[in-house]
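First the structure, in the form of structure tokens, and then the observations on it.
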Amino acid sequence: MSHFRTTLAMTALGATTVLLAACAEPTESTNTTTAATTAAGEITTITVYTSEPEEKVDEINAAFEAANPDIKVEVYRAGTGDLNARIAAEKESGSIEADVLWAADAATFEGYKAAGDLAELQDVDTSELIAEAVDADNTYVGTRIIPTVIAYNTDVIDEADAPQSWADLVDPKYAGQLVMPDPAVSGAAAFNASVWKNDSQLGEDWINALGQNQPMIAQSNGPTSQEIAGGGHPVGVVVDYLVRDLAAAGSPVAAVYPSEGAPYITEPAGVFAASDAQEAAERYINFLLSAEGQKIAVEQAYLPVREDVGTPEGTPALHEIALMTPDLKVVTEDKDAAVALFQNAMQ
């Protein structure tokens, strides 16, 4: 376990990943620069593949296009698994039809980096970012800190009885009361499973013991948060910003950052090597990382990747949040085995 001021072996953790559904289809030939002569000059179109919730990515894109009127952003939005399947199919049939990937966790990007699918970033400013957000090889960069936390329904569970650690969740008193996302569906949940499996405080024994409490397995973080808010399963494992969103909307929910540390993802962004619009794509990433872009992230209830823009109301400062910081290579290579272990334990 460490805090944000510690230089980590990994840059990000599991996606998030949240209320994920396909949105607008990208246009044809989206991996090439599309130019149109207008009064303002030449317009470059970039396509972004993302797992960001629709209303949040739309807000970011509107601000980006206002600041960069020579660039138009088109979006294909889906869950991480669906994005990976689409990218694999595009590679099989020719080349990847997007310029930017903005989704999931560092492990996902490590896979694309190893396959040669990501371009080295040429002009992306990471000087103001916390160390946890920066890839040492400069092929992707984190854009938010999204910890997975314990959440509970405050109408059903008294604060004094709320779990304070991952170890608490295996207490028999929580049997039949737990809900969490399916790691076979959610990229963030799969990452979490591998982090827990490889953590010396938890490991396989903890996952198996958790299964004895028969958690409800929801498809993703979105339905998990709704189940907690509805009180059907009043204690759950979910990404923290959804708890803030629900609380702001009046739901009786609260979050606990576990004492052992929270797994987290950084929703990285990178440019595909097949892109013919790398300069425009990097300007998009620079906007995500800029003070303006990060202030929007904070307003959207995310923790930022720079310390000069504050944090959402009621949230600890970045340096006060303890994180679980495993070896990224180990977690990446063990993810499939961890998902299988989790599924067997929950049967």
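The values are calculated or read from the model by the stated rules, or taken from the named source; none is laboratory data. Because the structure is a prediction, the values reported are computed rather than measured. Please note: Cβ atoms are built from the backbone with ideal geometry, for glycine as well, and neighbour counts cover all protein chains shown.
General observations
- One residue stands out among those in segment 31-71 that are surrounded by fewer than 17 Cβ atoms within 10 Å (Cβ to Cβ) and either basic (Lys, Arg) or assigned to a strand (DSSP E or B) (or both): the one that is modelled with the highest pLDDT, which is GLU42.
- Checking ALA281 against (1) crowded, with 18+ Cβ neighbours inside 10 Å; (2) touching a helix residue (DSSP H, G or I) at 6+ places or on another chain (Cβ under 6 Å), the condition it does not meet: (2)
- Looking only at segment 92-103, and only at residues there that are among the hydrophobic types (A, V, I, L, M, F, W, C) and part of a loop (DSSP other than H, G, I, E, B), the one that is surrounded by the fewest Cβ atoms within 10 Å (Cβ to Cβ): ILE96
- Residue in segment 254-262 that is among the polar types (S, T, N, Q), surrounded by fewer than 22 Cβ atoms within 10 Å (Cβ to Cβ), touching a Ser or Thr at 6+ places or on another chain (Cβ under 9 Å) and over 21 Å from TRP196 (Cα atoms) present: no
- Failed item, numbered, when ALA89 is tested on (1) small (Gly, Ala, Ser); (2) surrounded by fewer than 13 Cβ atoms within 10 Å (Cβ to Cβ); (3) in contact with a Phe, Trp or Tyr (Cβ under 7 Å, 6 or more places away or on another chain): (3)
- Residues that are surrounded by fewer than 21 Cβ atoms within 10 Å (Cβ to Cβ) and aliphatic (A, V, I, L, M) were ranked within segment 135-156; the one that is modelled with the lowest pLDDT is ALA136.
- Extreme residue, surrounded by the most Cβ atoms within 10 Å (Cβ to Cβ), among residues of segment 289-315 that are among the hydrophobic types (A, V, I, L, M, F, W, C) and touching a helix residue (DSSP H, G or I) at 6+ places or on another chain (Cβ under 7 Å): VAL305
- Residue within segment 172-191 that is farther than 13 Å from GLY236 by Cα and over 24 Å from the mean Cα position of the chain (by Cα) present: yes
- Members of segment 140-166 found to be of a type in the set (Ser, Thr, Tyr), closer than 30 Å to PHE109 by Cβ and out of contact with any Lys or Arg (no Cβ under 8 Å at 6 or more places or on another chain), listed by number: THR143, THR148, SER165
- For segment 104-129, a tally of residues being assigned to a loop (DSSP other than H, G, I, E, B) and modelled with pLDDT under 95 returns 2.
- Tallying residues that are more than 17 Å from PHE191 (Cα to Cα) and part of a helix (DSSP H, G or I) within segment 211-240 yields 9.
- In the condition set (1) in the same structural domain as GLU97 (by TED's automatic domain parsing); (2) surrounded by 19 or more Cβ atoms within 10 Å (Cβ to Cβ); (3) in contact with a Pro (Cβ under 9 Å, 6 or more places away or on another chain), ASP240 is compliant with all but (1).
- Applying the criterion of at least 2 residues that are in contact with a strand residue (DSSP E or B) (Cβ under 9 Å, 6 or more places away or on another chain) and more than 30 Å from THR154 (Cα to Cα) to the helices (runs of 4 or more DSSP H) found wholly in segment 241-337 leaves 278-289.
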